[in-house]
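Single-structure report; data block below.
The values are calculated or read from the model by the stated rules, or taken from the named source; none is laboratory data. On a predicted model such as this, the values are computed, not experimentally measured, just so you know. Cβ coordinates were reconstructed from backbone atoms using ideal geometry, including for glycine residues, and neighbour counts include every protein chain displayed. Heads up: the accessible areas ignore ligands, DNA and RNA and are worked out on the full protein's heavy atoms, side chains in. Shrake-Rupley method; radii C 1.70, N 1.55, O 1.52, S 1.80 Å.
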Amino acid sequence: MPSMTDRPPRHDFGPSAQEQADLREHADFAATQDPVALAAATWFSRRGNLDARQQAEFDAWLAADALHAHAYAQLQDTYRAARRIPAQVAARWTVPAPSPRRPLLRSLRMLPYAAAAMLLLGVGAGGYQWWQQPTFSQSYATVRGQRLAVSLPDGSQVQLDTATQLHVTLYRQRREVRLAHGEALFQVQSKQGQAFDVLSGPLTVTVVGTQFSVRNTLAHDGQLRVAVQHGQVRVAGAGQDQVDLRAGQGVSSDAGGRLSGVASLAPGSVAPWRDGRITFDNVPLGAALAEFERYGDTGFVVRDPAVARLRIGGSFSLTQLDRFAAALPQLLPVQIVRSGSGSTIGMAPRAPAQAPAMHLTKNK
């Protein structure tokens, strides 16, 4: 049996398989965290052990952005509150330290342990609530005939159509928009680990990075609609009803969250109001006029149900209603009768049938 001195010397060829797995686990963990909060937790876990160079780096990180200093101050407040938690309560939340025989693993896991400890120890003192607090919360609204473009702090863009109301809330690990009514076009900035959800009526639209519109006109025509211009979204309705939409596709829903079949969209049909236009694809004239009315008074009245059911298609300017009126008798068998209080669209009179020609034969 060889002695201890006969054994070959141990060489360190880098991280072991277990340590490589820990590296991957650490990377997966970091990818799901808010970068600012994670960096604050890292610096906080190293407090009191910084050399001059590291202290200078920490000071530069604090000065780089007001959010950095705010996140670090929040951790300090949470830690002070956690120190006041009774020992018998805090003991149940103790995070075991890594084995001293695994120094690499201990250094790698310092960040997850620090972040987790701050959250676990802070549950009873507001730490978890702090983590769940919004970083941004704002309501936006447009009145009839108004449109509005909004830039969000995460880099996403939102364009509101006429008579639209929505509320945006950004959290550290998710983003949420609640569309009360109207229509909005979203251009979402992709952020790893931060889904972007649009909630409207019974629908939830989830994206990572794309451009799409959501329309809630339940009070107007009883429908919700989602249309995708770029990228991909998932639309969830009532129960297990959900569908994935790609560019050039759309879906509608009723008030109960029952989804229609996926429809192909005509080019340029996603939020044409951005360019001051309105587009119809074989819709009843009554519905087309009601859509114009969302943007302002038209002065048109339809009293005949048969006229209201006539179908129309085309793209029209929202600011040049007179051109729509001029084109209407060319597109449909209708006439416009103008009066002092407005204009009535009625069925055009039919041309009288011509009597057969009479040929007289002269008697010889």
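Odds and ends about this structure:
- Alpha carbon Rg of region 176-246, scaled by the compact-globule rule 2.2 N^0.38 Å: 1.04
- Mean shadow area of region 242-297, taken as a quarter of the surface of its Cα convex hull (nm²): 5.1
- Stretching Ala149 away from Ala52 to a fully extended chain increases their span by 30.2 nm, per 0.36 nm per residue minus the current alpha-carbon distance.
- Heavy atoms of His181 accessible to a 1.4 Å probe, total area in Å² rounded to 10: 80
- Probe 1.4 Å, all protein chains present, accessible-area order of Glu293, Glu57, Glu183, largest first: Glu57, Glu293, Glu183
- Rough spin-label spacing in nm, given labels placed 7 Å along Cα→Cβ, for Leu265 and Leu218: 2.2
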